[in-house]
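A short worksheet on the structure shown next.
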Amino acid sequence: MQGQGRAASRLDTVLRHLRPGRPAALPTSAQIGAATNPVGFHYTLDNDLLTPEQRHFYDENGYLLIKNLVSDEDIERFRNEFIKICKKEIQVPGLIAMRDVTIAKSEFVADEKAITKIQDFQEDAELFRYCTLPQILKYVECFTGPNIMAMHTMLINKPPDPGKMSSRHPMHQDLHYFPFRPADLIVAAWTAMERVDRSNGCLVVLPGTHKGSLKQHDYPEWEGGVNKMYHGVRDYDANQPRVHLEMKKGDTVFFHPLLIHGSGANQTQGFRKAISCHFASADCHYIDVKGTSQENIEREVLEIARKKYGVTVPITLKDTWMIRGRLVKGERIHL
């Protein structure tokens, strides 16, 4: 009987996610797993890990910080692998290496000072271990349910700011980049690889903005230029209270894809590193972004695919994400 109850709950969840025009007030992260905790939370699934206080905090704020979640040993392994990639000692298929706009046209120096971010490291077994760490996945499951896809991977190496504030990341919502829904079954895990504070550009979040809608994003008009793909929210209340997430090495923050967040400039002489992955429930489904505020990111991604990879056949934003996703737990269903 308990299995039948879970199946009925799961069916109800899927139907409500797919039903067009469903009211926004309905909780989209309905209970997929066994109902063991009191109901009433909208943005987490029932689980035996998060306390009611933690679930309430995430419901209200859209993020949850867990202290000392990833070991020093793992972080140093990720750091060493990143250095090998920067020195071109290893080649990773599909990996994208980025440089700050202020040094993008300078002569390439094969060390970690030249690379400000790598994305899509799903083919690097060492770095991808981050996405499979049991201590990460047990928290992710509280947001996505038991069938978990790792969709987007990054290692950020925020450089010392060259004086033009280009090391900032504009305030944005991660959902802007994602052609899959529902948003409430997507969560980011972001782990500090060293102490992160306001001096070296910690994450800045606008608590509660995950309860809103996806906003229009464009490149900000910054005097010092802006890095490729660093779109920002066009219109938000700049006076809204914000929180600077100061973290120690190994601390991990989980946050909702609609949460408006960014990061400040790195005013130190060192590089600020963090590793992250966006996870989604395999129950999520792809959407067509044509006619939506996400059309501009689709155009940009497809243009990069044509220029960098010589893609000539018609593709969509969905196609570029389908090849990135990796199942890390449970069963692959839709994504």
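The values are calculated or read from the model by the stated rules, or taken from the named source; none is laboratory data. As the structure is a computational prediction, the values presented were derived from the model and not from experiment. Virtual Cβ from ideal backbone geometry, glycine too; neighbours counted across all protein chains shown. To get the accessible areas, we keep the full protein, side chains included, count just its heavy atoms, and leave off ligands, DNA and RNA. Shrake-Rupley method; radii C 1.70, N 1.55, O 1.52, S 1.80 Å.
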What's the extension gain from Ile323 to Ala238 if we count 0.36 nm per residue and subtract their Cα-Cα distance? 26.9 nm
Residue among Ala188, Val233, Phe255 farthest towards the positive dipole end of the range 43-329, charges placed on Cβ: Val233
Taking H placed 1.01 Å from N in the peptide plane, check which residues at least 5 places from Ser263 or on another chain put their amide H under 5 Å from its amide H. His169, Val204
Within 11 Å, Cβ to Cβ, of Tyr286, how many net charges do the neighbouring residues add up to if Lys/Arg are +1 and Asp/Glu are -1? 0
Checking the table Lys215/Lys248; Lys117/Lys249; Lys117/Lys215; Lys138/Lys248 against a 28 Å threshold on Cα-Cα, which pairs fail? Lys215/Lys248
Percent of accessible area on the range 43-329 owned by carbon and sulfur, 1.4 Å probe? 51 percent
Sticking with the crude label model, points 7 Å out along Cα→Cβ, report the distance from Val311 to Glu123 in nm, one decimal please. 1.4 nm
Quote to one decimal, in nm, the extra length available between Glu194 and Thr132 on full extension: 0.36 nm per residue of separation minus the C-alpha distance between them. 20.3 nm
Stretchable slack from Ser71 to Ser213, in nm (0.36 nm times residue separation minus alpha-carbon distance): 47.6 nm
What dipole magnitude, in Debye to the nearest 20, does the range 43-329 give about its Cα centre under +1 on Lys/Arg Cβ and -1 on Asp/Glu Cβ? 600 debye
Which of the aspartates and glutamates could be linked to Lys290 by a straight reach, that is with a Cα gap under 17 Å, when you skip same-chain ones fewer than 8 residues away? Asp218, Glu298, Glu300, Glu303, Asp319
May I ask you to order 71-77, 320-326 by the average number of other C-beta atoms within 10 Å around their residues, highest value first? 320-326, 71-77
Chymotrypsin sites (Phe, Trp or Tyr not before Pro) within the range 264-306, DSSP loop, no more than 11 other Cβ atoms inside 10 Å: none
